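All remarks here apply to the structure that follows.
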Amino acid sequence: MIVLVFKYLTPKWVRGITIFPFIVLSYKEDKKNLILINHEKIHIRQQIELLVIPFFLWYGLEFLVRLLQYRNSKEAYLNISFEREAYQNEKNLDYLKQRSFWDFIKFL
């Protein structure tokens, strides 16, 4: 995992984005935000499990399905299985130590 700070690579409303093996943060002070970093580390694990490119294909397809379902882009984003797992477990800094393979499936 390599943490970079580059606010021009992230959309305005995003504080961090993960593209294996990089976590790109919008703000330098977020390097100390353990919850945000843990959220992004969960995405790293998901990307490794799905071999990166299939992760992004699944992510995009699920976003489109959720967009049709909720008719709201923020609700669609928050209900993507990968995001649901990350948000639900971001405060548990030991989550990745106990997480099972493909645990995001539980959040579909």
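Figures for the structure shown
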| item | result |
| --- | --- |
| Axial C-alpha extent at least 20 Å, average Kyte-Doolittle at least 0.0 - helices from the chain (DSSP) | 53-70 |
| Rounded to 5, the percent of DSSP beta bridges in the chain classed as antiparallel | 50 |
| Within straight-line cross-link reach of Lys106, aspartates and glutamates at Cα separation under 15 Å, skipping those fewer than 8 residues along the same chain | Glu49, Glu62, Glu83, Glu85 |
| Helical mean residue ellipticity (222 nm; -39500 (n - 2.57) per DSSP H run of 4+; nearest 500) of the chain | -14500 deg cm²/dmol |
| R0 of 30 Å, Cβ-Cβ distance Leu64-Glu29: FRET efficiency to nearest 0.05 | 0.35 |
| Whole-number percent relative contact order across the chain, with pairs defined as alpha carbons under 8 Å at least 6 apart | 21 |
| Exposure proxy order (Cβ contacts within 10 Å, fewest to most) of Trp102, Trp13 | Trp13, Trp102 |
| Qualifying trypsin sites (Lys or Arg not before Pro) for region 36-108 [loop in DSSP, other Cβ within 10 Å: at most 14] | Arg71, Lys91 |
| Length gained when the stretch Leu51-Lys91 is fully extended (0.36 nm per residue, less Cα-Cα span) | 11.9 nm |
| Burial ordering of Thr10, Thr18, fewest other beta-carbon atoms within 10 Å first | Thr10, Thr18 |
| Inter-label distance for Leu78 and Val14, nm, one decimal - labels placed 7 Å from Cα along Cα-to-Cβ | 1.9 |
| Whole-angstrom gap from region 1-47 to region 57-97, using each part's C-alpha centre | 16 |
| The chain shape via C-alpha gyration tensor axes, a/c threshold 1.5 | oblate |
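No value in this document is a laboratory result; all are computed from the given coordinates. Quantities reported herein were computed from a predicted structural model and do not represent experimental measurements. Note: ideal-geometry Cβ built from the backbone for every residue, glycine included; neighbour counts use all protein chains shown.
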